[in-house]
Each structure stands twice: as structure tokens, then as C-alpha cells.
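Asks: Starting off with a structure, shown below.
Every read-out reported here was derived from the displayed coordinates using simple, explicitly stated rules and does not represent laboratory data. Treat the numbers as computed from the prediction; the structure is a model and nothing was measured. Here the Cβ is made from the backbone with ideal geometry for all residues, glycine too, and neighbour counts use every protein chain on show.
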Amino acid sequence: MVRKHFVVTLGEDGRAREHRLKSWLRAHPEEIPPGLDPHNNGSTSHMLRNGLRKMGWIMEETATKVLLFRPGVEESLDIEEYLGPQDDVGSDAENSEDEEEGLGFQLEEQLRDFLANNLDRVAVDGRRLRLFQDETGRSGIEYPTAVGWIDILAVDTDGAYYVFELKRAQSPDSAIGQVARYMGWVKQTIAGGRPVNGVIVAKTISEKLRFARTVVPNIFLFEYQVSFTVNQAHDIAFE
């Protein structure tokens, strides 16, 4: 399992909140470790977390997450209580992230950014989409909810909502439950009675997922393709 990296902050109400590491650093450039870059094709999560640790940040690991706490947060938050009981964290998860961080996770971010910037070219059930933007001005890219982060939240011209879940490789049938959870949150909190749809985008859609989708027809499945070419460019052109 690849463990995601999160920054833990305390809100004004004293409650702890988790934010995806790279997204949080992009929103708070003053916290970026010197010489590192949290943007696409920049520093990996491992490099960023090591830089933060050198700046005094506290790092804790669970079986599914790597959590980073700002210096001094332990004065207001019992970190051990926040983490709860933990099983032993093996090295397999760490190794898998080392192997996949450079290509897989970067590719997922690039896929997300490409789709977000080209939503007007993506037709879902014949409808054109645009990024959702809430009343605070926050866009639908990595949209935070009480049940997790929505990769992309979009709307169509009629105001219907589309919840995108992106998978860098083959998407398991459990992705149906994941996107349905986000759809439920949107329906209950911001949809205002308008339709809510799900969109799963993966490199490969499994047969199990296709069967699962037959009973949830408002979830749409897409496969993506990446084209990569290398062209010789050393010849000098003379006019």
C-alpha cells in the first residue's frame, strides 16, 4: 500500500484537520523547505517531509498515512491520542511508496491537472463540464470534504454535479464505494437537490468495476491513455 502524506493543522475550534502535503505547501509557500518545490515534476513527498523534519516538524506514521505536525502543535494536541492504537508499520508500504512516488503519484497529479484544465473538452453522458467553485472562491481541484478529498468536483450547464475519482493504474471495484461516499457528501451538503454523478478515470477499468457500475448507472467509467514520443533533435537546419 502506498501511504499518502498529510499536514495536520489545528483549526480555530481546536480540532485537528489533515491536508494533502503538496497541496498545503503550494497554498503556504512560506512553509516550503529551502531548495524544494512541491509543484508537479518538482520534489517528491519524501524530499519534502525530510526538509520539514530538518525544520523541526514532527513526523508520525500509520499503516496508511504519513502525518506531519508543525513545531509546537504538541502543546495543544495529544499526538498519541490523535493517532490512536497502531499496528506495527512494516517496511513494505514504505518501499512501495519509494518505488511509485516518482512515476505513479506524479502521473496521477498530472492526470488531475490535465483534466481540470481541459474539462470543457470532456463530455460525460453528452454534457460539457466546468470546474466547481464554492462561495469562498475555492475551486473543485482536490476539494476537501468531511469524508475525504475529491480529486475533481465539476458541474455541467444545468448545475448537476460530477465527482471525479482518479486512479493511476487499474481501478478496483471498491472505487465505486469511494466515489459514492463523496457523492453522498455532495448531495447532502451542497447539491441543493440537483443531480450528483460520479466519474471514475483509470488507466484500466476492471471487469469487476464494470459489473459494479451496472447497478449504479449515474457513475461513469473512463480509461485514459498517455502518449509519449522522443524525437531526434540534434541536426542543425541551414537556411
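Asks: Out of all Cα-Cα pairs in region 105-239, roughly what percent, to the nearest whole number, are more than 21 Å apart?
Replies: Of the Cα pairs, 43 percent sit more than 21 Å apart.
Asks: What lysines does Lys208 reach when the alpha-carbon gap must be under 20 Å and sequence neighbours fewer than 8 apart in one chain are set aside?
Replies: Answer for Lys208, where 20 Å is the Cα cut-off: Lys167, listed by chain and number.
Asks: I need Met47, Met55 ordered by Cβ neighbour count within 10 Å, fewest first.
Replies: Met55, Met47
Asks: Using the reciprocal of the averaged 1/r over all distinct C-alpha pairs, how large is the Kirkwood radius of region 4-91 in Å?
Replies: One over the average 1/r among Cα pairs gives 13.6 Å for region 4-91.
Asks: A follow-up question, please. Can you find, among Gly11, His39, Leu83, the residue sitting farthest towards the positive end of the charge dipole of region 4-91, where Lys and Arg contribute +1 and Asp and Glu -1 at Cβ?
Replies: His39
Asks: Taking H placed 1.01 Å from N in the peptide plane, check which residues at least 5 places from Val196 or on another chain put their amide H under 5 Å from its amide H.
Replies: For Val196, the qualifying residues are Tyr161.
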